[in-house]
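This report refers to the structure that appears directly beneath it.
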Amino acid sequence: MKNQPIIALDFRNAQEAEAFLNLFENEPLALKIGMELFFSEGPEFVLKLKEAGHFIFLDLKLHDIPNTVKSAMRSLAKLGVDLVNVHAAGGKQMMVEALNGLNEGTPKGKTRPKLIAVTQLTSTSEAEMQQEQLISVSLEDSVLHYSKLAEEAGLDGVVCSSFEAKSIKKHTNEAFLCVTPGIRLDTDSKDDQKRVVTPKEARKRQASAIVVGRPITRAENPKVAYERVLKEWEI
Ligand code: C5P
C-alpha cells in the first residue's frame, strides 16, 4: 500500500482536476477518483493519470449481483488502477466474485488492484441504520461484522473511520487495511464531516492509509497543505 496520503480528487471535470495537479508539477501522487469525476471523464482520464505515474484509488463503491460486479471488476482491473472498492452489504459471495473479476482482468505480469469494502457509510447514523436497514446491533458491531465478512471473502481491507481502525485491526489479520477518510489539520474547518482526526492522530489510531480531500484541494495553497499532511502522516 502506498504510504502517501491519498488525495480525494473531488472535482467536476478533468480541466479542474488537471489545474490542481499542475500545482504539483510531475510529482507522483496517490489520488482517489470518485463517481463524480469518473462519470464525467470516463476511463480515459484514469488511464491518463496512471500513465503520469500516479497511484489510483478508484472509489466507485460497487454493489450489485455477484456476476455483474465480477464483470465490472474485470473491466476496472484492465485500467491498471491500484485500489478499488465494493459495498460489503452486497454480501460475501459478491465480494468473492469481485476478487475473481479483478484476478481475471489484471493483465499478465501486473499486480491485481487491491480490493477494500465500505462497511457502513459514515453518513449513516446508528438510528438510521437500525430504523431503515433493520439492523438491530450497534453501528460499531455492524462495522466490525462487515469487516470480518470482507476478510473472510479474501478482501484486502475496508474503508473506515479512524475511530474504528483499532478494533477492526484487532479482529482481522495483520495485513488487513483500514483506509480512513475524515482527516483534518488542526487549522481546518470540519466541512460536513462529523468525526475528524489529524493525520498524526490517524496514524496513532492505526489507519493504514488516509484519504484527504478538501483540506488539500480547497486550501489556499494546496501544495503547502499537502506537504503539511504528508509530514504529519509520516512521523
Ligand atoms: O474533503 P474530505 O477530506 O472530507 O473528503 C473525503 C473523501 O473521502 C471524499 O471523497 C468522501 O466522499 C470520501 N469518503 C468519506 N467517508 C467515507 C467514505 C468516503 O468521507 N466513509
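Taken together, the values in this text are just the output of simple stated rules run on the coordinates, not laboratory data. Worth saying up front: this structure is predicted, and the values here are computed from it rather than measured. Every residue, glycine as well, gets a Cβ built from its backbone with ideal geometry; the counts of neighbours run over all protein chains shown.
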Practice task
With the cut-off at 17 Å, report for the range 26-111 the share of all Cα pairs above it, as a whole percent.
Solution key: 47
Handout entry: Ratio of Rg to Rh over the chain (Cα coordinates, Kirkwood Rh, two decimals)
Key = 0.95
Problem - Highest-fluctuation residue, K108, K200, K78 considered, GNM on the chain with Cα pairs under 10 Å - result: K108
Practice task
First select every other residue whose beta carbon is under 12 angstrom from the beta carbon of L102; then total the charges, Lys and Arg +1, Asp and Glu -1.
Solution key: +2
Problem - Estimated inter-spin distance, D191 and E227, nm [label 7 Å along Cα→Cβ] - result: 2.3
Practice task
In a Gaussian network model over the chain where Cα atoms closer than 10 Å are linked, find which of A207, A98, A19 has the largest mean-square fluctuation.
Solution key: A19
Practice task
Pairs to check: K110/K170; K169/K200; K70/K110. Give those whose C-alpha atoms are more than 23 Å from each other in this structure.
Solution key: K110/K170
Fill in the blank from the handout: Of S147, S189, S162, the most mobile residue in a GNM of the chain (C-alpha springs, cutoff 10 Å) is S189
Practice task
Excluding residues on the same chain fewer than 8 positions from K231, give the aspartates and glutamates whose Cα lies under 15 Å from its Cα.
Solution key: D186, E201
Handout entry: Pairwise centroid distance, computed over Cα atoms, of the range 28-103 with the range 178-206, Å
Key = 24
Handout entry: Those aspartates and glutamates that a straight Cα-Cα span of less than 13 Å connects to K114, excepting residues fewer than 8 apart in one chain
Key = D59, D82, E151, D156
Completion exercise
Env charge @ N22, Cβ radius under 12 Å, K,R +1 / D,E -1, value -3
Practice task
Please label the shape of the range 61-114 as rounded, prolate or oblate, based on the square roots a ≥ b ≥ c of the eigenvalues of the alpha-carbon gyration tensor (a/c under 1.5 means rounded; beyond that, a/b larger than b/c means prolate, else oblate).
Solution key: prolate
Completion exercise
With the 8 Å Cα cutoff and a minimum separation of six or more residues, the range 114-180 has a relative contact order in percent of 37
